[in-house]
Amino acid sequence: MEERTFLTRDGLKKLGEELERLRTVRRAEVAERLHNAQDDGELIENAEYEDAKNEQAFVEGRILQLETMLSNAAIIEEAGPDGVVALGCTVTIKEADSRRHEEYQLVGAVEANPREGRISNESPLGRALLGRKVGDEVKVQAPAGAIKYKITKIRRE
């Protein structure tokens, strides 16, 4: 059985749009490249043809990957107990020795982008935060050692 792909509604929409673009636009572009490369003569030593075949394999692989993710998608719902960290929540934390606060939205691995403040529920910090409440302290193992964070705010999106 395939693993569930946890997505926000926005993430589901973006993946669906990417899949549609790959199926309609990119496939046609790659097919055109292949056709043009075939017209250029011998295929055995044709670098453009090889490159186009590699691109075709990449596009088809990404289409299969997206189809699998979307068929196993589980929408992150906003329901759940208030005040408890769950998928879809935005959590404000502060490092124990710091006054600086950091804010992260907890999302599925497909949508994770720490630079944009979106961390995966599968990441060490994400796993540590799940199910916790405001005021709880969590310890996360990092390459430099254990880091303690305190949850200061939980917001449902």
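No value in this document is a laboratory result; all are computed from the given coordinates. Nothing here was measured: the structure is a model prediction, and the numbers come from that model. Cβ placement follows ideal geometry from the backbone for every residue including glycine, while neighbour counts extend to all protein chains displayed.
Side notes on the structure shown:
- Given +1 at the Cβ of Lys and Arg, -1 at the Cβ of Asp and Glu and no other charges, the dipole of segment 89-156 around its Cα centre is 260 debye to the nearest 20.
- Positive end of the dipole of segment 89-156 (Cβ unit charges, origin at the Cα centre): among P114, P143, H101, the Cα lying farthest that way belongs to H101.
- Net charge dipole size for segment 1-153 [Lys, Arg +1 and Asp, Glu -1 on Cβ; Debye, nearest 20]: 1340
- With R₀ set to 22 Å, the beta-carbon distance separating A109 from L130 gives a calculated FRET efficiency near 0.95.
- A dipole drawn for the chain from +1 and -1 charges on Cβ atoms has a positive end, and of A86, L64, Y49 the residue lying farthest that way is A86.
- For A86, nonlocal amide neighbours, meaning residues 5 or more places apart or on other chains whose placed amide H falls under 5 Å from its own, are G131.
- Pairwise label distance in nanometres, E17 with L70, each label 7 Å out on the Cα-Cβ vector: 1.3
- Taking a straight Cα-Cα cut-off under 19 Å and skipping sequence neighbours fewer than 8 places away in the same chain, the lysines within cross-link reach of K150 are K94, K133, K139.
- Start at zero, step by 5 Å, and the Cα-Cα distances of segment 5-75 spread as 3, 17, 22, 17, 13, 10, 8, 6, 4, 1 percent across the bins.
- Selected from I63, I147, I119 as most flexible by GNM, with the chain as the system and alpha-carbon contacts under 10 Å: I147
- Once C-alpha pairs closer than 8 Å and six or more residues apart are averaged by separation and normalised to the residue number of segment 72-157, the relative contact order reads 32 percent.
- Sorted by Cβ neighbour density within 10 Å, fewest at the top, the residues S120, S71: S71, S120
- Across all Cα atoms of segment 89-156, the radius of gyration (one decimal) and Dmax (whole number) stand at 11.1, 31 Å.
- For the chain, the Kirkwood radius over C-alpha pairs fed into Stokes-Einstein at 25 °C and 0.890 mPa s yields D = 133 µm² per second.
- Largest GNM mean-square fluctuation among T90, T68, T24, using the chain with Cα springs under 10 Å: T24.
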